[in-house]
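The structure appears below as structure tokens.
The values are calculated or read from the model by the stated rules, or taken from the named source; none is laboratory data. Remember, it's a predicted structure, so these values are computed and weren't measured experimentally. All Cβ positions, glycine included, derive from the backbone under ideal geometry; neighbour counts span all protein chains shown. All accessible areas refer to the heavy atoms of the entire protein, side chains included, with ligands and DNA or RNA removed. Shrake-Rupley method; radii C 1.70, N 1.55, O 1.52, S 1.80 Å.
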Amino acid sequence: METPGLRYLNAEIERSLRHERKMVFVPGPRQVGKTTLARRLLYETGADGLYFNWDIDAHRKLLIRNPGDFWQRIGPLPQKGRPRIVLDEIHKYPRWKRFVKGLFDEHGGSVQIIVTGSGRLDLYQRGGDSLFGRYTMFRLHPFTLGELVAERRLSVRSPDEFWKALTQRRSLEKAEEFLDDIERFTGFPEPLFSGSEARLRRWRQAHRTLVLREDLRDLSRIRDVGLVETLAYLLPERVGTPLSINNLSEDLGVNFATVRAWIETMSRLYFLFTIRPFSGRLTRTLRLAEKVYLYDPTEIENPGARFENVVALHLRKLVDAWTDWGYGEFELSYIRDREKREVDFLITEQRKPYAMIEAKLSARVVDSSLRYFSERLKPKFTIQVVRHPEGFRTTMTTAGVIMAPAGEFLSLI
């Protein structure tokens with residue numbers, strides 16, 4: 001499998017830069033392809049050299065010494081249009097917000113600015129003035145099945161297009177093969193397109209070191225790095241179930257607040273993400289316990305939990321894209337009550353139930369908890385996504401619930 005030359009964000013970033021006259025922020029996990037995407041966006045304007053990475057000593061010195069015109073000191077600029085510059089990992093600079101705000105306020109009308117980074121650019125509050133109104137954010141996620149099945153589809157389907165496409169028959173010759181690859185090698189470009197177990201193991205170790213040692217050191221005050229790594233090793237067996245911070249704190253020998261702070265930091269570094277339980281107008285539902293999912297699900301040994309994590313990664317990308325594209329305010333949560341009835345995922349729009357999704361490794365009929373909560377919350381769409389369907393091969397609707405093979409559903413994302 002060859003690495004696609006373009007990603008689903010390229011066209012939308014181009015549109016934003018050319019028409020909205022704002023900075024573009026592109027956060028995402030380490031090694032997800034942000035630098036490749038940024039360099040491709042530079043190449044499109046003939047500005048290959050206008051890439052500046054805070055992790056490179058020469059670039060860092062240039063930015064600090066010449067904050068007002070650093071991009072003009074590396075050679076001739078493109079002759080046509082506004083020069084396009086990329087600032088990569090700039091959030092590691094303690095005064096990065098002040099830096100980019102000053103750059104945009106003084107030169108935003110004459111240059112196009114792209115800011116990329118593996119830290120949560122929208123969450124780090126390092127002081128200085130707010131950047132509100134000065135940027136548009138597009139979050140980059142690992143490759144999903146939809147990108148692999150249709151490499152030339154350089155965008156994300158709108159909500160209306162998505163649900164319409166789900167009911168249409170599609171040619172999915174390679175969907176199962178590509179889904180196997182994602183489950184086996186992750187959606188990160190290097191291990192995914194290598195197709196090598198040995199390469200995956202080497203990449204995983206390097207990725208863990210980058211995030212849990214280097215980034216943790218640079219972007220937080222955490223010093224117990226060894227214990228944070230131990231926490232990372234404990235999480236795969238807890239994927240898909242409400243997370244008990246108390247149990248983790250006992251296992252690690254640290255207090256509740258410390259474990260919670262570590263998980264929040266790992267989320268900011270895109271090592272994992274959490275989803276909260278939805279309560280809404282339901283009674284007797286859990287309100288505090290989060291569920292955790294990993295951006296690299298390959299260490300999850302339980303097949304059902306690993307598949308649920310893969311579905312979670314697809315849905316996380318979908319709700320982020322719909323929100324970033326401006327289709328609405330979408331969020332991802334789950335539902336569980338005190339009787340232990342549970343639905344894996346609920347997409348909300350403006351905090352109201354929109355789509356309820358249950359992930360099953362194998363199934364023949366609709367899950368009883370999915371039907372129970374669907375009748376009470378009445379979302380617009382109720383879907384059961386099945387990795388190994390029993391008794392059906394293509395998407396069908398039964399009693400208002402869409403039963404979809406995983407290959408068909410995930411190939412739309």
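Scanning region 42-63 for residues that are surrounded by 13 or more Cβ atoms within 10 Å (Cβ to Cβ) and of a type in the set (A, V, I, L, M), we see that the one that is nearest to GLY117 (Cα to Cα) is ILE56. Condition test on TYR334, is it closer than 18 Å to ARG287 by Cα, of a type in the set (Ser, Thr, Tyr) and not in a loop (DSSP other than H, G, I, E, B)? Answer is yes for this residue. Among the residues examined, TYR43 does not qualify as without any contact (Cβ under 8 Å) to a residue 40 or more places away in the chain, among the aromatic types (Phe, Trp, Tyr) and either under 17 Å from ILE90 (Cβ atoms) or in contact with a Leu (Cβ under 6 Å, 6 or more places away or on another chain) (or both). The numbered conditions (1) touching a Phe, Trp or Tyr at 6+ places or on another chain (Cβ under 6 Å); (2) within 26 Å of ASP181 (Cα to Cα); (3) open to solvent by 50 Å² or more (accessible area, probe 1.4 Å); (4) modelled with pLDDT of 90 or more are all true for LEU9 except (3).
Of all residues in region 373-385, those being in contact with an Asp or Glu (Cβ under 9 Å, 6 or more places away or on another chain) and either at pLDDT below 95 or not in a loop (DSSP other than H, G, I, E, B) (or both) number 5. Kindly indicate which of LEU192, LEU210, LEU200, LEU179 is touching a Pro at 6+ places or on another chain (Cβ under 7 Å) and in a helix (DSSP H, G or I). LEU200 is the lone residue from the list that is touching a Pro at 6+ places or on another chain (Cβ under 7 Å) and in a helix (DSSP H, G or I). Of the residues in region 47-58, not one is of a type outside the set (S, T, N, Q) and within 17 Å of the chain's Cα centre (by Cα). For LEU172, indicate whether it is outside any helix (DSSP H, G or I), in contact (Cβ under 8 Å) with a residue 12 or more places away in the chain, surrounded by 15 or more Cβ atoms within 10 Å (Cβ to Cβ) and touching a Gly at 6+ places or on another chain (Cβ under 6 Å). The answer is yes for LEU172. Checked against the criterion of being touching a Phe, Trp or Tyr at 6+ places or on another chain (Cβ under 6 Å) and of a type in the set (Val, Ile, Thr), region 286-303 contains not a single residue that satisfies it.
When SER362 is tested against (1) small (Gly, Ala, Ser); (2) closer than 28 Å to LEU288 by Cα; (3) touching an Asp or Glu at 6+ places or on another chain (Cβ under 8 Å), exactly one condition is not met: (2). The sole residue among GLU308, GLU301 that is loosely packed, with under 15 Cβ neighbours inside 10 Å, over 13 Å from ILE182 (Cβ atoms) and modelled with pLDDT of 95 or more is GLU301.
In this structure, ARG184 does not satisfy being in a loop (DSSP other than H, G, I, E, B) and either under 29 Å from PRO94 (Cα atoms) or open to solvent by 60 Å² or more (accessible area, probe 1.4 Å) (or both).
Looking only at residues in region 386-405 that are aliphatic (A, V, I, L, M) and over 19 Å from PHE307 (Cα atoms), the one that is surrounded by the most Cβ atoms within 10 Å (Cβ to Cβ) is VAL401.
Candidates LEU318, LEU313: the one that is open to solvent by 10 Å² or more (accessible area, probe 1.4 Å), aliphatic (A, V, I, L, M), within 18 Å of PRO27 (Cα to Cα) and in a helix (DSSP H, G or I) is LEU313.
Of the residues making up region 363-385, just one is in contact (Cβ under 8 Å) with a residue 60 or more places away in the chain, open to solvent by 20 Å² or more (accessible area, probe 1.4 Å) and among the hydrophobic types (A, V, I, L, M, F, W, C), namely PHE381. Among the residues of region 286-310, those that are under 17 Å from the mean Cα position of the chain (by Cα) and part of a helix (DSSP H, G or I) comprise PRO297, THR298, ARG306, PHE307, GLU308, ASN309, VAL310. Filtering region 228-241 to residues that are open to solvent by 40 Å² or more (accessible area, probe 1.4 Å) and either acidic (Asp, Glu) or farther than 20 Å from LEU216 by Cα (or both) leaves GLU237, ARG238, THR241.
Conditions tested, residue by residue: (1) farther than 30 Å from GLY328 by Cα; (2) open to solvent by less than 10 Å² (accessible area, probe 1.4 Å); (3) aliphatic (A, V, I, L, M).
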position	(1), (2), (3)
VAL149	no, no, yes
VAL156	no, no, yes
PHE162	no, yes, no
GLU176	yes, no, no
GLU190	yes, no, no
SER196	yes, no, no
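In region 69-91, of all residues being farther than 20 Å from TYR43 by Cβ and open to solvent by 30 Å² or more (accessible area, probe 1.4 Å), the one that is modelled with the highest pLDDT corresponds to ASP69.
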